[in-house]
Structure formats: structure tokens, C-alpha cells
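Here's the structure we're looking at; comments come further down.
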């Protein structure tokens, strides 16, 4: 260097050869550095920059960044160390100028977090990502760019983990890698330190096993992880990681779903849950994750200590069969359900509803159904509570689950108390209130109290409540009175339940709100409720009111007498209301309340009260309005209702009953107001049973309109549960019930069936839903035409079948006892006897063997799309209905098919199936076997369609003929549930011989009927199991197929069950009757 | 009657109730039966099992045979210490015409004719009670046709005889419309030869008295049992083919009278006796546990 040190002139001259910004930035930086570095150092610095710029074409950019960064760098490192930074940058620049530039750009801010020594490692990480390609340089550059932000969150080892992950991922996709990198600072900064390591570790696993999910993991992983208990995240990720290595592509979904599931489990239980999952992981990773996924559902039904027990059973299953164990933990096995059920103390309504239904039916003598309370709330007819039991006259609504106590028995006891109370409302006729009918205990004063010229009411209950100014108070008092009466009647009539009921009442008393401090009138109502619960000792009220309260209690006690009627409750309400009216609704100091452990119930005064229609206030020196405490009158509010008694809405029930009666063509008696929307509206507005505040604010009109239409609907909808007939439960005649039965038949019914999973060797509980409906009616033309066209065959089969008959009364000879002597045998016997032969046998009788033909048969027709094939073309086509996932393709094909069909008359498989059915029906009618014809098809497990062409008990008629016309190819073939359903129907039918004939054209096949679309074993095994189940129920199944390739799978499917492959489809009509004959002989 | 040390044995036509059977009339069935007997009109008793049909027949036989009875039949064989003889035939699906009329039996040197129960009743003028008549084969029911109209004749084909029915002869058949399938219904030509008296389970208060009397339990217990009966009968057609019979309730009462706890007694005598369906059993058991402590 010849020039004076510190001038940098030479360097500047050379810098000028590069784009101008380089020199400009150099000069600016040099100026800034002037005070900090010696001129010599400055020269070296310039030279260093030049050295960088010379490395490659675009290396000047790197040099530029070097210049710009130096003033910031020397804030952090000594000048002497600057060369190290330069050195790292230089070496990166040799790789790629972009990297070099990025390095210098980020170096200064990164040094805020890293030491100088670590800077080298940092550069090393960038180099690790750089693979000499354009994409990799962009990734590495990006890494350097975000590094300042990154190191704000991570330390170097973590960054190394991240880089390792990015590198692995970049092998698959640079785009994903970049995306993850960009997300990293934001995502990772929110995490705890120890979570981060685990998170990155798992990210690495994801990159290896299911790289496509890496981005999703980066974007959502942190949030998901947040849901796992704070101390447990690392453990969870470790587990997920371990599983992921084996589960491959499932890694992320497992992670995500398990995390979501854990979020629904109490955090305190996460360690235990994870511990249990870990113990499964060694055996099967998926099982461990499935366990976590099922955890919240299991936990909902089991206490934590029982979860371990459930887990243990599953672990043992897992040890013997991985598939079985996984299904178990997926809650897709009957065993899993069973174990939960046996461990669980809670009682689910769905499991006991049938028992309770019959119990209520027995108690009330009216057809009842049991439904979940939610169903009532859904109807939108005034009941809004979703927890407490109720009834609206024909159904008893109960909460879906009871788990109050530690044992199933006790919890069931709760259900029993609930339903007994609701049924008792019907049994003891709470809803049968008649305004003018006198009670049996208290004198009737209602009629005289009623003002003249009143508006006619819709129901008796409404008319009664019209007597009161404060309907809410009246309704509360009536509820308390009526519940007192009903509970007393229950205790009297059902002594077995008395103890349970008393305990439930005691439990309720404990949860009642504090009465002290309530406004007085409200306190009075609350005390009435307490008294109705048998908690007279729990009453607290100001002492001045002792005689009044005594009278009130007396009134309630009268209702407990045998023979008390709902009308007595109404009278009691009037008396209680009068008392309440005299009590101002003011708040008193709680000190003024007195406990009344022993209350003097004044039954005489109670009975006498109300003798005068004017009321009793002020008589006999009892407290009057005058000596009621001063204070500000509060608006009256209802005390909280009693849980086990639920929502008692007599006014609505009466209204519903009336609407029902009228909709089924019943009477309208003169004393009622006509049922008009206006009237209903009016009732709606005044009744306290309907909480208008639940309607959308400011939208009262339309809400109430909807309410009314709901009411109409509820009144018109009969109970739809199986085996139910609707009848008004107030004893009124059930008009038009017959008509409704008819229309009910048309309704779609749902049935659930298990499905056999041969891998897990267990059932998947409630897996398939059968949608049963009666097939639409078409023309009877097909039926008649078939008979015409096939008249020869018809005559022939009929003859065959008629021959069956005489065989029924065959003579059996040579019996010890019988109807008559067999002359030949008798002679023989006598001869032998006379000749004194020892072996003379007295078998001289004969008897007609009375074999009654008692056969029920169900024909199950395959209505899958493949039956649409024309017979002649069958050979050229694959025999599968392969439209699994694309309904459009299917529709297009179908439409095409239809069009072709119209153009020329070609018989399809389904036509042959139909023809055979027609012939068989004709023949069956001659021998009088009961038979049902059913078709099935569907798509997926949730919708297996089951069509009734003719029910087992249904007589043959024109409707059946017309339905046959509508048998047509529809969709897939899920045979298992269809067979189970047909077997169920046969099972319900009483016959000595039961036969199930399955008529199909191919193997069972459906969406999700197997691991994937090509798998056949699953479907075949399930079908086989369904056939075996039928056999176990004493049904003879028989499979008939027109699929020539049928032998291969039928052999497996029908191991020891009869089957036949009809080679020539055309011969089916003649073959089927013959076969049937053979089957039933 | 032959009395051995171990048992008493009667010829079929000689047996008659000798102690007044306990029967509590629910309606006018007693008057109806008396009138029918007097007018020689065959009687069909309809009703579910265990509601007292057989008891009613025995009671009527006793009543009609009593010397004090104002319609004591002239030709009837009045038993010295009881009522009219009753010949009961429980019909089953293999019951043939010869089972009713009679048959040849093999004897040492040939055959010997033996009268069937119907023939004996016809000859002696007894009440012949065919229990569960629809169970019998259809060809056998035709046999009773000439007996049940103005002719009152029993043709005995194999002997070539026709027997005129004795004065006290009355054919009574019973029939439970509840569980007979359509297959097993009475033919109209048979049906329309009888007047039909309809039996149902007695109302709660009557049944209480019956149970109390028959099983020797306290009236309160009997009332609970009657209540149980009423509740369980509500389940008929809703899972139960037939309601619980008074007979079963009496059995339960007897067990209780012997010291079996009521819940257990009802379980064995009612719940398990009625059905094998576990769910219905459970439902009925819940009713039992509600009623009995």
C-alpha cells in the first residue's frame, strides 16, 4: 500500500467499479466508523470489503451488506473480532452471495442473542441448509433473514433442531420448509422452553414420516399443544413422536386429534391419561393414540379410577390381537362398550328407557313413551328445560344421563323416582282437572269466585288460573299443592319406593335456597315447597305469621289424605293464595325469621278457610295487612323448581290434550272457547308456563307464531316409538287412532345394528343404521303381466306347491298308542300271540302325524345398482357397483342406463328377481305360509335402506302388487345389516320354521364396508357373521345368487349355510319355487 | 269312589265337588249359567288364563247340585254330599274324537270297548267341561255338534249307537281369545252353538277379597297384590302376551303367607312365571319393588 493509511483512496477507486451504491454505503459506513477505528484498521476494513466483492459476480451485494452492518457490529464486538465475522461471511459468500449478504444483514441483530463464538455455528446452520441449488439458497437465506427474530425465541441448540427439521423437510418440499421457517419465530416464541425442544423433536419426526402435514403442524401444533396440561406437553410429544415413527402418515392426525381430545379432559388427569397411553405405545402406537382420542368420551362415562380398569382390559386384548385392541380403544368394539358399561356407575337413558317405558305403562295403564328431555325442548312448545324431567301427557321426558351416585342401582333409583313422579301425574290425574267438578276433601269455592261474564277459556286449567291476579304465584302454589298430593299418593300406593322417594326429597331439601332474606311472599312459596317435600322442619318464617303458616301447612296436609283429587289441589291453591296475598313481598332481616321445627298445622282452619268466598283475611285476630312489616314491596319471583319433579305445566298439557282430541276429530264442548290462533295467542301471552323471555327479543309475533305451529305439530304427532299407539291419556276416547296407525306405517323407522369386524374379532356396536320404509306403490301392471307371460310356469309351480299339502297328514304306523288300530298289525299281533312267540309286539296303532305347516319366510332382495345390468351383457361387464365415492358418475351412468332401457325392452337382473318373486308369491299364497318380501340397498353404514314390499304379517293385496313394480336398482350392497334386520323381523314372528332367503347378484359391497374399496374380506366376514347370527336364532338362511363368480366367496360366506349359484339367470323364476319347496319340506 | 289308604279315586262320572268351592261373582254370570243350565243351552266361557273359569264351573256344579237348589235337575245324578258331577277334559292338540267318545282296548281275548269322558257325561247327565277347546283338533270339535243343538245326541260310530244325553248333561267349553292365533279359532258352526260368558280379571277390590281368601294373607297384602295385578295387566300387548292371572297372585300370596319376603314371592310367582324376556322382567320387577317394600 503506497498511499497514506486511512485515506482509503485506493479502495474507493476499486469500489467505484461496482454499482454505485457499494461505494456510497462504504463511504457512509467509513464515516461512521472513523471515530472507532484507526485509519489502518479502516483500510483493512475497506480491503476486506473489496475482498468480498471480488469473490463472485454478485458478491458485491454481500460486501455492501458488510459495509452497512459494520457500524452496528462494532457496537457488539471488539474491532479485533470483526475479522471473524468477516471470515464467516466470506466463507458463506463463496457459497452464495445471497447467503453472504443475508448473513451480514442479520449478523448484528443476531449478536444481540448469540456470542461471537456461536456466530460461527449459526453460519454453519445456514450452510447446512444450502445444497448448492437456487431453492436451497433461498431457504438458507431466509433462515438467516429470520434469524434475529428466531433467536429471540430459541437458543442455539433449538435452532439446530429447527434446522435439522427444515433440512429433512426440504428434501421433500422447499416451499413447505420455507413456510415452516417463516412461521417458526411466531409459533415458537409462544411456547415454553421445554415444550419447544419436544415440539421441534416431533417436527423432525413429522418431516420424516408425514412431511405433507408439517406445515399444518407448524401452524396449528402450538395451539393444539396448549391444550395439553402444562407439564405434560413434552411427554405427550415424546409419545406422539414414538408413535409417529411407526404410524407413518397418521402421525399428524393422531397428534392433532389426541391433543384435541385431551383438551376435553381435566388437566389434572393428563398425567394419568398419558401414563396409560404410554403403556400401550410399546404394543401399538395407534392404540395409544386411539386411547387418548377416546379419553374424553370414556371419562364422561367412567370415573378416573375406573378408566384404568377399562384400559387394562383393552391392554390384554391388544396383547393378543393388535387389530382387536385398536378397535377396542377406538370404541368400535362391543367389548369396549361392555366393559365401560359394567364399570360405569352412570345410567344412560337409552339403556333403560324400554324398562322405564313399560314401568310407566304399567303404572298408568296408558301407552307412554320415554324420551330425552332435549326432545321436548326441541319441540318448542313451551318446555325449555333440558335437565329436568317432565311430561306433556303422552311422553315422559327424562334427562339423558343420571350419575348422581356412586352405583348403578342408586342412579337407576333416581330415574325411577323421576318417572314414578311423572307417571303419577298421569295415574293420579293431575291433568284431568275439571273446573266444575267438586273435589273430595275441600269445599268447592272456585265456581262462586268466578266473576260473571268471564271470557270463555281454552281449557279448565286456564279458566282456573284466570281467577288469580298473580298467575305466577298461583301457578307456583298449585305446583306445590299438586306435588304434595301426588307424592303423598305415590308414597301411599307404592310403599316400595317410599324410602327412595324420601331420600330424594331430603336431597332436594338440602339444595333449596336459603329462605331467610327472601322477600316474604316468596319465602312463603318456598316454605310451601319445603313442606311439600316433607321438610316442615326446614321451614323458616317470621313468627308473627305462625297461624297463617299453620293454616297453609294444614291445607297441604289435607291433600295428603287418600282420595284427594286434583280439584282439591286447586281449592288448596285458592286458600294458599289468599294467605299469600296478605303477606307483603318485602325483605326482612334474616334475624326476624324463626325456625319452626314443630309447626302446628291447623287443619281445621285450613279446611274452613275459604268457606266464605270473600276470603279470610283479617278474621279471627290473625295477622292482617296492617301488622305486616313495612318495607318496599318487591316483585314476586318464583322459587327455583324442584329437580326431580321437573317442569310441571298443567295448563299447556291440557291445551295439548285438547288440541290432540280435536285434531283426531274429537268433541268440542260448548263451555270452551274455540281453538283459534287468536285465542292461543292470548293464552300464550298470559300463561306463566311459557317463558316469553326465551323468545327472540322484539320478535315476539313471529316467535309466538312459530310456537303455535309447534304446538299444532306436537298435538298432531303421535308417539312414534315402536309398538306405540297414541291415546289421549286423560281417558277420553281415542278417536281416529286407526287412521293414524295407517299413516304411521309410512313413516321411516330407524334401527341400529352391530357390525362384525373380523380383524378385531369383535362387533362394532350400533355401527349401521337401517332406514326402514315401505316401498312406494307403482302400477300393478308388472305383477299381472308376469302372471300372464309366465302362465305355464305359474300353473306348474302352483301344482308343485299344492302337492306339498297332503304330505302334511301322513299316517305313522306301528305305534304303541294312536288313533286307531292298524288292522294288519293287529292281526299279525294276534297271530303271533296265539302262536306264543315271545317277540309279539303291541305296536298295533297308527296315528296321523299332525304336522302343521307353520312356516315364515323372509325374502331379501338385493336392490343394488348392479342388478340393473342386462342379462345378455352381463359377461362383458365387471359385476361391481363401483361408484363408491362419486355419486355424479353413478347418476350419469344410471341416467344413461335408464335411457337405454326405455329404447328397447331388455330384461335386467332385477326384472328376473322381480319375476321370480311374483311367481313365488303366487305359489306361497296357495299353501298359506307367512312370508315377507324386503329389498335392501343404501350407501354407507349410516344409511342402509331397507324397503318393505310385503311385511310378514301383512296380507297379500293390491298394494303389495303395486309395490313390486317399484323394486329397482338403487345403490350398494351392505348385506350384513339387512340380514340382521330381516332376521330380527323373523324373530318377532311366531312360527316353527323360519327361513331367510337372500337373493343377490354379487358379493356384498358398500362404501366403508372394508378397509378400502378393494377389500372384500371384511364385507364377506360380516355377512357371514350375520347369517350365522340368524342361524343361531333358529332361522334357516339360504343364499341364492346369480353371480357366476359366486362360488369363490359364497364358499367362505356360507360355510355351513345353504347356498346356490344359479348359473343361468333366466332359470331363476322356475328354480326359486323348487328350491323353496326343498327348503321347507 | 274307592278309598285306599293313600288316595281317593273316583270314576270320572262320579266325581263332584263336595265342598263348596269359593267363588266370588263379578257380574251376573251365576244367574246366566243357571238359566242356561235350566234351558239346556251349552255355555262357552271366554277369558284369559287363571281368571276363574274352571273354578266357576265347579262352583256352579256344586250350586246346581245342592238339594236346596230350586232347580235341582230331575234326571241329574246328585252327589250325596256335593253338586253335579263335572267331567273336565283338558284339550290338547292331539286330542282325537276317540279320546272323547271311547275306543276299543285290547283284552285278553279280543277287544273291549271303553267309554270316553264325553260319553260318560252324556250317559250320566253330568256337566262336561272341555277346557281350552280350541286346542283340540278341528275334527273333534265337530263331534260335539249334535250334542249342542236341539238333538242332544252323541253318535258313537264305532258301536253304531246314538246316545241321548241325560237331563243334567251340559256341555261347557272354555276358550282364551287372547293367545290363540288366527289359525286356532273356533269354527263359526261350533261357536254359534253356545252362549258366551265373558270373563275378565276381577276388579281390584274383588280380586283383593279373592286373594285374601285363597291365600290367607292379610287384606292389606292382598290389596297390594291386586294392585300389582292391575299394574302388570296394563302391560298386556306391550310386551306381555297375557296379564298376570289371579291364580299367580294367589300363589304369590300363599308364599307370602308362608313367610317368603313379598318381593321375592312376587319375583318367583309373578315376574319369572310371566315371561322370559329379560327387559320385561326387569320392568315388572320395578313395579314390584315400587309396590312392596
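Restricting the search to the range A:325-334, which residues are farther than 18 Å from residue A:247 by Cβ and in contact with a helix residue (DSSP H, G or I) (Cβ under 6 Å, 6 or more places away or on another chain)? Step through it out loud before you land on a result.
First pass over the range A:325-334, keeping only residues farther than 18 Å from residue A:247 by Cβ: A:331, A:333-334.
Hits for the range A:325-334 are A:331, A:333.
Does any residue of the range A:385-396 turn out to be on the phi > 0 side of the Ramachandran plot, assigned to a loop (DSSP other than H, G, I, E, B), away from chain B (no Cβ under 14 Å) and touching a residue at least 12 places away in the same chain (Cβ under 8 Å)? If you could, list the steps in order and put the result at the bottom.
Applying the first criterion (on the phi > 0 side of the Ramachandran plot) to the range A:385-396 yields A:393.
Add one more test, that the residue is assigned to a loop (DSSP other than H, G, I, E, B), and what stays is A:393.
From what is left, the residues that are away from chain B (no Cβ under 14 Å) are A:393.
Next, only the ones that are touching a residue at least 12 places away in the same chain (Cβ under 8 Å) stay: A:393.
Yes, that holds for at least one residue.
Among the helices (runs of 4 or more DSSP H) confined wholly to the range A:440-553, which include 2 or more residues that are surrounded by fewer than 22 Cβ atoms within 10 Å (Cβ to Cβ)? It would help to see each step written out before you state the result.
Numbers: elements: A:446-449, A:460-465, A:471-493, A:495-511, A:520-532.
Because the criterion is at least 2 residues that are surrounded by fewer than 22 Cβ atoms within 10 Å (Cβ to Cβ), the helices (runs of 4 or more DSSP H) in the range A:440-553 that meet it are A:446-449, A:471-493, A:495-511.
Give A:124, A:117 a once-over and let me know the one that is over 55 Å from the mean Cα position of the chain (by Cα), surrounded by fewer than 20 Cβ atoms within 10 Å (Cβ to Cβ) and part of a helix (DSSP H, G or I).
Working: A:124 fails: over 55 Å from the mean Cα position of the chain (by Cα).
That would be A:117, the only listed residue that is over 55 Å from the mean Cα position of the chain (by Cα), surrounded by fewer than 20 Cβ atoms within 10 Å (Cβ to Cβ) and part of a helix (DSSP H, G or I).
Hey, does the range B:96-118 have a residue that's assigned to a loop (DSSP other than H, G, I, E, B), at pLDDT below 80 and buried (at least 16 other Cβ atoms within 10 Å of the Cβ)?
Within the range B:96-118, the first condition is being assigned to a loop (DSSP other than H, G, I, E, B), and the residues that meet it are B:96, B:108-109, B:116.
Pick out the ones that are also at pLDDT below 80 and you get B:96, B:108-109.
The next check asks that each one be buried (at least 16 other Cβ atoms within 10 Å of the Cβ); those that pass are B:96.
Yes, the range B:96-118 contains a residue that is assigned to a loop (DSSP other than H, G, I, E, B), at pLDDT below 80 and buried (at least 16 other Cβ atoms within 10 Å of the Cβ).
Of all the residues that make up the range B:239-250, how many are modelled with pLDDT of 90 or more and at the interface with chain A (Cβ under 10 Å from one of its Cβ atoms)?
Summing the residues that are modelled with pLDDT of 90 or more and at the interface with chain A (Cβ under 10 Å from one of its Cβ atoms) in the range B:239-250 gives 0.
Could you say whether any residue in the range B:125-139 is surrounded by fewer than 14 Cβ atoms within 10 Å (Cβ to Cβ) and part of a helix (DSSP H, G or I)?
There is at least one residue in the range B:125-139 that is surrounded by fewer than 14 Cβ atoms within 10 Å (Cβ to Cβ) and part of a helix (DSSP H, G or I).
Before we move on, is residue B:253 in contact (Cβ under 8 Å) with a residue 40 or more places away in the chain and more than 13 Å from chain A (Cβ to nearest Cβ)? Outline the logic, then answer.
Details: in contact (Cβ under 8 Å) with a residue 40 or more places away in the chain: yes; more than 13 Å from chain A (Cβ to nearest Cβ): yes.
In short, yes.
Report, by residue number, each residue of the range A:1017-1048 that is farther than 14 Å from residue A:980 by Cα and surrounded by fewer than 17 Cβ atoms within 10 Å (Cβ to Cβ).
Within the range A:1017-1048, A:1017, A:1044, A:1045, A:1047, A:1048 qualify.
If you go through the range B:116-126 one residue at a time, do you hit one that is within 14 Å of another protein chain (Cβ to nearest Cβ) and farther than 18 Å from residue B:194 by Cα? Spell out how you get there, then give the answer.
Our first condition is that a residue be within 14 Å of another protein chain (Cβ to nearest Cβ); within the range B:116-126, this holds for B:116.
Now drop any that are not farther than 18 Å from residue B:194 by Cα, which leaves B:116.
Yes, because at least one residue in the range B:116-126 is within 14 Å of another protein chain (Cβ to nearest Cβ) and farther than 18 Å from residue B:194 by Cα.
Quick check on the range B:258-293: of everything there that is surrounded by fewer than 16 Cβ atoms within 10 Å (Cβ to Cβ) and touching a helix residue (DSSP H, G or I) at 6+ places or on another chain (Cβ under 6 Å), which residue is farthest from the other protein chains (Cβ to nearest Cβ)?
First pass over the range B:258-293, keeping only residues surrounded by fewer than 16 Cβ atoms within 10 Å (Cβ to Cβ): B:258-259, B:261, B:264, B:268, B:272-273, B:276-279, B:293.
Next, from what is left, pick out any that are touching a helix residue (DSSP H, G or I) at 6+ places or on another chain (Cβ under 6 Å): B:273, B:279, B:293.
Numbers: B:273: 16, B:279: 5, B:293: 5 Å.
That would be B:273.
Restricting to the range A:331-359, name every residue that is within 9 Å of chain B (Cβ to nearest Cβ) and surrounded by 22 or more Cβ atoms within 10 Å (Cβ to Cβ).
We begin by selecting, within the range A:331-359, every residue within 9 Å of chain B (Cβ to nearest Cβ); these are A:352, A:354-359.
Of everything in the range A:331-359, those that are within 9 Å of chain B (Cβ to nearest Cβ) and surrounded by 22 or more Cβ atoms within 10 Å (Cβ to Cβ) turn out to be A:352, A:355, A:356, A:357, A:358, A:359.
Please verify whether residue A:970 is buried (at least 18 other Cβ atoms within 10 Å of the Cβ) and closer than 28 Å to residue A:992 by Cβ, treating the condition exactly as stated.
On the way: buried (at least 18 other Cβ atoms within 10 Å of the Cβ): yes; closer than 28 Å to residue A:992 by Cβ: no.
Judged against the criteria, residue A:970 is not a match.
Among the candidates A:976, A:1010, single out the residue that is surrounded by fewer than 24 Cβ atoms within 10 Å (Cβ to Cβ) and under 34 Å from the mean Cα position of the chain (by Cα).
A:1010
Can you find even one residue in the range A:992-1015 that is part of a helix (DSSP H, G or I) and in contact with a strand residue (DSSP E or B) (Cβ under 8 Å, 6 or more places away or on another chain)?
So the first thing to find is which residues in the range A:992-1015 are part of a helix (DSSP H, G or I), and the list is none.
Among the residues of the range A:992-1015, not one is part of a helix (DSSP H, G or I) and in contact with a strand residue (DSSP E or B) (Cβ under 8 Å, 6 or more places away or on another chain), which makes the answer no.
Condition check: within 14 Å of chain B (Cβ to nearest Cβ) and either farther than 25 Å from residue A:558 by Cα or assigned to a loop (DSSP other than H, G, I, E, B) (or both). Does residue A:410 satisfy that?
On the way: within 14 Å of chain B (Cβ to nearest Cβ): yes; either farther than 25 Å from residue A:558 by Cα or assigned to a loop (DSSP other than H, G, I, E, B) (or both): yes.
Yes.
Can you confirm whether the range B:142-161 contains a residue that is modelled with pLDDT under 80, within 13 Å of chain A (Cβ to nearest Cβ) and outside any strand (DSSP E or B)?
Going through the range B:142-161, the residues modelled with pLDDT under 80 turn out to be B:142.
Those still in the list that are within 13 Å of chain A (Cβ to nearest Cβ) too: none.
No - not one qualifying residue is present in the range B:142-161.
Among the helices (runs of 4 or more DSSP H) confined wholly to the range B:169-238, which include 2 or more residues that are away from chain A (no Cβ under 13 Å) and at pLDDT 90 or above?
On the way: elements: B:188-191, B:204-215, B:219-233.
Correct list: B:204-215, B:219-233.
Tell me, please, whether a residue that is outside any helix (DSSP H, G or I) and under 25 Å from residue A:239 (Cα atoms) can be found in the range A:154-165.
yes
Quick grid of which residues meet (1) within 12 Å of another protein chain (Cβ to nearest Cβ); (2) modelled with pLDDT of 70 or more; (3) not in a loop (DSSP other than H, G, I, E, B):
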position	(1), (2), (3)
A:801	no, yes, yes
A:818	yes, yes, no
A:828	no, yes, yes
A:837	no, no, no
A:842	yes, yes, no
A:853	yes, no, no
A:857	no, yes, yes
A:860	no, yes, yes
A:866	no, yes, yes
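The values are calculated or read from the model by the stated rules, or taken from the named source; none is laboratory data. These numbers were taken from a predicted model, which means no experiment stands behind them. Cβ: placed from backbone, ideal geometry, glycine included. Neighbour counts: every protein chain shown.
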